[in-house]
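Working notes, structure below.
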Amino acid sequence: MQNFPLNLLTLPIWWYTRGLTMVWRWYKRRTNFALQSTGLALFARHMWEPLYQDYTRSGRILSFFLRIAVLLYKTLVSGLSLVYYGLFLVVYACLLPAVLVMIIFQILNHA
Amino acid sequence: MLELNIEKNSGQGWPMKAASGKIAFVFGGNLEADRVSKERLKVFLENTLLAVLWSLLVLGILSLAAAAYLGFNAWGMAYVTEGKFLFESSSYAFVFWISMLTNLYLWAKYMEKNADGRDADLASLEERSWQQVKEETVDVYELFDKPAKKAWNNSLKFAQKRQRDLEKLFNEKSNEAPQILATDLLLSLLENTSVASLFYRIGVSVKDVAEVVKNYSLLAGKHRGLMENFAQIPFSALQEASKLHNKAIDPLMLLCALPSCIDDEHIIQAVFLNINLSQEKLENIASWLFHLKLLGEDLRLFSRLSKFKPDSDINTGLTSVPTVFLDRYGQDLTRLAKYARLPVALGRAHDLKEMFKIATAGSGNIVVKGDVGSGRTTLINELAYKMASEQVPSIYQDKRLVKLEISGILGSGQKTESLLVQTLKEAVFSGNIILVIEDIHELAKAVTASGLSLLDILINFLQSHQLTVIATTSVEDYTEHLRDAPNFEQVFNPYELRHLSRNEILLACCIRCSLLEAHNDCLFKYQAIEQAVDLSDIYIRGQNQPQKAIAVLVEAAARAKQAPHKIVTETLIQEIISEKTHIPAQTLKEDETEKLLHLEELMGRRVIGQRAAVTAVAEGLRRARSGLASGARPLASFLFLGPTGVGKTEIARTLADIYFGEDRFLLRLDMSEYHGPDGITKLLGRSDMDNDTPIVRHIKNYPFCLLLLDEFEKASPEITNLFLQILEDGRLTSGKGEVLDLTHTLIIATSNAGSTDIQDGIRQGLSIDRIKTRLFNQTLNKFFPPELLNRFDAVVVFSPLTQDEIEQVSLLQLQALQKELLQKGVKANFTINVARDVAQNAYDPALGARPIRRYIQDHLEAFVAKLLLQKKLKRGSIVTIDLVDGEYRLG
């Protein structure tokens, strides 16, 4: 986006190069933020530690299953966030061609 | 900082270019009218296009609404809800889709504007210049942000205006392009808001500066060609920006680069000198404004990230347990930081990084050495903030930073040993605690019943358990209590806090002032902050920076809040420091100026004769208070030599009374009391003494004072040697190791050494100067080492009093008796006969004028006392006392 007035013409190139890079970076930031909010990585780090320092046999067994359950839940939530923000990425990628197609469609129909 | 090699450009383009490693810097922002006009046109057209596109966006929304409405009318709600109206062939839909395309363009522009970095990211340039293998060319103009580009290009406008004014003045037209001067750039920068705020901080009006600059530059006349030093400005601005790790070159960086552009007429330097704006000050204020912006960004990031930190005892990993004892005897700093209940901490980022390196390298236990007020608590608070937002290495993540309250444990009334162990065990068991122990040396002093100190117990515990402890202590206490404690250095890694430079202390104070301004609704002038740092450094002893400067600023903010104008000025800072230290404020007040200028006259009313001594003292004090005296020595120091009773001590008392105004500023020491081998201990004290000695106590309480050392020759040789250091460096180390500042102390030493030689010299009719020379050559060496005599500002020889002078002294003493009688309501006059009688009978060449007081007491006061008791003198009496036939008579 350096040269006026060619910006409008270079928009498609920009859209899939620099624009896509920026949107990808945004996607990574949002998903990192989402992962941080669930604490998935931190939780996974302690996967093999018993909950609340309960090192008894029963405590370890219970911790294992509970941790699996919580991990699954956190993974699901994180996964949904990845998908949710991923949709924006897909929409971004499809938006420009969709708009161009609709404009062409309108022109052809009017013609 | 980016190291640039700037050189002349022999090719096309800007006259200068630079290089750093493999990166070549060029400048594409030349100030030719063509380029500037093209850029202005480009900006104008871009803005116009944006306006058109925004209009299209609005039109598109309206078209969408219209298409939906028509569809609804024709086909019902389902047609609209299924979105079919978007895909039908209609003018409205067509307009909508065209506007969608323009919307995408606007969105792209918005994304570009908010992009994280530039193609040539300034912040990474320094690193890339070291590591770069491939050659790269960077256009410095593209590193300017928009306001900087605008200010840069607008300098052409000011140059053109100046040229037109000159043409009018000289009545000649020129077809040549105007030369761009640094003053044109300065005028352009003065229109920028951040530059205006900088000048506002130093209390200078931007309009006034602009006026002066315009007039100066007109007077400078005509110039030809682009001046070399002006061409250097963009590169200097780049260096200024890299110093601060700024992301772009903004108008403040251009302003900081200006003073380095030395134009022929030195206009910029003259203007900045006139408003007392040095390069250092300019950079400091620019740094302040930059860091304030950074602080805002950091706080926004912090508030986003700290939301995820659990605020209970349980961590994200669900491995920890509640900590009952720790909660009772500890303070959760991460929780406080999460809710911003800790003071905002800034200035110890470098130390924090070093701590992380130590922690990640090996044993995580660290003892931070630093004096009180130097930033230990700031460092801990900064760590708490970082842990609350998890911006820390993994060993500190998902953990709580808990400060152990030692005083709570010691004062709990329970067995401190078991309490400490229980608390530590809880921390270990919880697994998510980083323990902070402030002033860990206090544990070394707490000895349990078993004979071990709490510190020994802690060390033993840490050797066998996995717990991270961060401790703080002072350098002195570390040496005294910790360094030699068994196994301490095996368990704790020492880290000494970096001493902050003056500019770093200033920056920390400036940021703190920004927070104080918000809290107290006041404004700090930059000079006031500078004064607080500099004056507290000089005058407030026993505390460290930046704590003492911040204490002064906090008090100043509280006072300014109550004041009508709400501005903290240098005067307010001086007043606060003067109140704290009893030292007169730096700026001389009017009455003090008058006193200093007429000191000889004022002292002459009480001191008879001895003009040389009075002049020497007055001149020494005037030199010191005018700021000409060296700051590293005492205010002034004098050695008075002469027979006893000639006025040596009286001069000192008179000076104390007239200049200092109160007795409490004078300390008189009879040096004959410090004669023996224990003299130095008596003078300075010992480390095991509870109380300070008189001199130590006095200097601590009244750094600005008069120290009178009578009979100086009788002090022990160790004390004489001690004064070599005092008179040279203006400091004194007490027996307890405290360093006292005597740079605001006036020292007067009196001595009878050489009295006989002085009297012989007077009898022989020698001048005072010759007597003095003889003393130096023959006599004084027996009493004082020559290097000590040379350190005094003046050595004054007092001559014996003449008969006239003795009579005057008698009259003065009689006046004192008159004052005492006046207090009883009796107005008594003494005739000249009485004065002469006193002078003749009381004066003793061996004792000088000293017996006069005793004579008056024994004879006159006894006479008056009898009269008072006989009721011959009562309230309201006006009498004359005369001497007739050797007896006192009432007239």
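The values are calculated or read from the model by the stated rules, or taken from the named source; none is laboratory data. Just so we're clear, the structure is a prediction, and the values are computed from it rather than from any experiment. In this analysis, Cβ positions are derived from the backbone assuming ideal geometry, glycine residues included, and neighbour counts consider all displayed protein chains.
Which residue, of B:ILE470, B:ILE459, is among the aliphatic types (A, V, I, L, M), within 19 Å of B:LYS369 (Cα to Cα) and over 30 Å from the mean Cα position of the chain (by Cα)?
Being among the aliphatic types (A, V, I, L, M), within 19 Å of B:LYS369 (Cα to Cα) and over 30 Å from the mean Cα position of the chain (by Cα) holds for just one of B:ILE470, B:ILE459, which is B:ILE459.
Can you list the strands (runs of 3 or more DSSP E) lying wholly within the range B:1-83 that have 1 or more residues being among the basic types (Lys, Arg)?
B:5-8, B:16-20
So B:GLY735 ticks every box in (1) surrounded by 15 or more Cβ atoms within 10 Å (Cβ to Cβ); (2) within 21 Å of B:VAL796 (Cα to Cα); (3) small (Gly, Ala, Ser) but one. Which box is left unticked?
(2)
Somewhere in the range B:182-189, is a residue at pLDDT 85 or above, in the same structural domain as B:PRO251 (by TED's automatic domain parsing) and acidic (Asp, Glu)?
Yes, the range B:182-189 contains at least one residue that is at pLDDT 85 or above, in the same structural domain as B:PRO251 (by TED's automatic domain parsing) and acidic (Asp, Glu).
Every residue in the range A:71-111 that is surrounded by 15 or more Cβ atoms within 10 Å (Cβ to Cβ) and within 11 Å of another protein chain (Cβ to nearest Cβ), please.
A:LYS74, A:TYR92, A:LEU95, A:LEU96, A:VAL99, A:LEU100, A:MET102, A:ILE103, A:PHE105, A:GLN106
Being on the phi < 0 side of the Ramachandran plot, at the interface with chain B (Cβ under 10 Å from one of its Cβ atoms), in contact (Cβ under 8 Å) with a residue 12 or more places away in the chain and surrounded by 15 or more Cβ atoms within 10 Å (Cβ to Cβ) is the requirement here; does A:LEU42 meet it?
no
Does at least one position in the range B:337-350 carry a residue that is under 30 Å from A:LEU51 (Cβ atoms), within 29 Å of the chain's Cα centre (by Cα), in the same structural domain as B:THR479 (by TED's automatic domain parsing) and crowded, with 19+ Cβ neighbours inside 10 Å?
Yes, some residue in the range B:337-350 is under 30 Å from A:LEU51 (Cβ atoms), within 29 Å of the chain's Cα centre (by Cα), in the same structural domain as B:THR479 (by TED's automatic domain parsing) and crowded, with 19+ Cβ neighbours inside 10 Å.
Collect the residues in the range B:740-773 that are crowded, with 18+ Cβ neighbours inside 10 Å and among the basic types (Lys, Arg), keeping them in residue-number order.
Within the range B:740-773, just B:LYS772 meets the criteria.
Rundown of residues vs (1) within 14 Å of another protein chain (Cβ to nearest Cβ); (2) without any contact (Cβ under 8 Å) to a residue 12 or more places away in the chain; (3) buried (at least 19 other Cβ atoms within 10 Å of the Cβ), yes/no style:
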site	(1), (2), (3)
B:ASN432	yes, no, yes
B:ILE440	no, no, yes
B:ALA444	no, no, yes
B:ALA449	no, no, no
B:ILE457	no, no, yes
B:THR473	no, no, yes
B:GLU480	no, no, no
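A quick yes/no check of all residues on (1) of a type in the set (Asp, Glu); (2) at pLDDT 85 or above:
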{"residue": "B:GLU594", "(1), (2)": "yes, no"}
{"residue": "B:ARG606", "(1), (2)": "no, no"}
{"residue": "B:ALA632", "(1), (2)": "no, no"}
{"residue": "B:PHE640", "(1), (2)": "no, yes"}
{"residue": "B:GLY647", "(1), (2)": "no, no"}
{"residue": "B:THR654", "(1), (2)": "no, yes"}
{"residue": "B:ARG697", "(1), (2)": "no, yes"}
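Check B:SER55, B:SER89, B:SER99 and return the single one that is within 14 Å of another protein chain (Cβ to nearest Cβ) and surrounded by fewer than 19 Cβ atoms within 10 Å (Cβ to Cβ).
Result of the check over B:SER55, B:SER89, B:SER99: B:SER89.
Looking only at residues in the range B:115-152 that are of a type in the set (Val, Ile, Thr) and modelled with pLDDT of 80 or more, which one is surrounded by the most Cβ atoms within 10 Å (Cβ to Cβ)?
My answer is B:VAL140.
Give just the number: which of (1) within 21 Å of B:ILE651 (Cα to Cα); (2) among the aliphatic types (A, V, I, L, M); (3) assigned to a loop (DSSP other than H, G, I, E, B) does B:ILE758 not satisfy?
Here B:ILE758 meets the rest and fails (3).
Going by what's in this entry, would B:LEU814 be described as without any contact (Cβ under 8 Å) to a residue 60 or more places away in the chain, closer than 19 Å to B:GLY604 by Cα and not assigned by TED's automatic domain parsing to the domain that holds B:GLN610?
yes
Taking the options B:LEU254, B:LEU238, name whichever one is part of a helix (DSSP H, G or I), touching a strand residue (DSSP E or B) at 6+ places or on another chain (Cβ under 7 Å), modelled with pLDDT of 90 or more and of a type outside the set (Phe, Trp, Tyr).
B:LEU238 is the lone residue from the list that is part of a helix (DSSP H, G or I), touching a strand residue (DSSP E or B) at 6+ places or on another chain (Cβ under 7 Å), modelled with pLDDT of 90 or more and of a type outside the set (Phe, Trp, Tyr).
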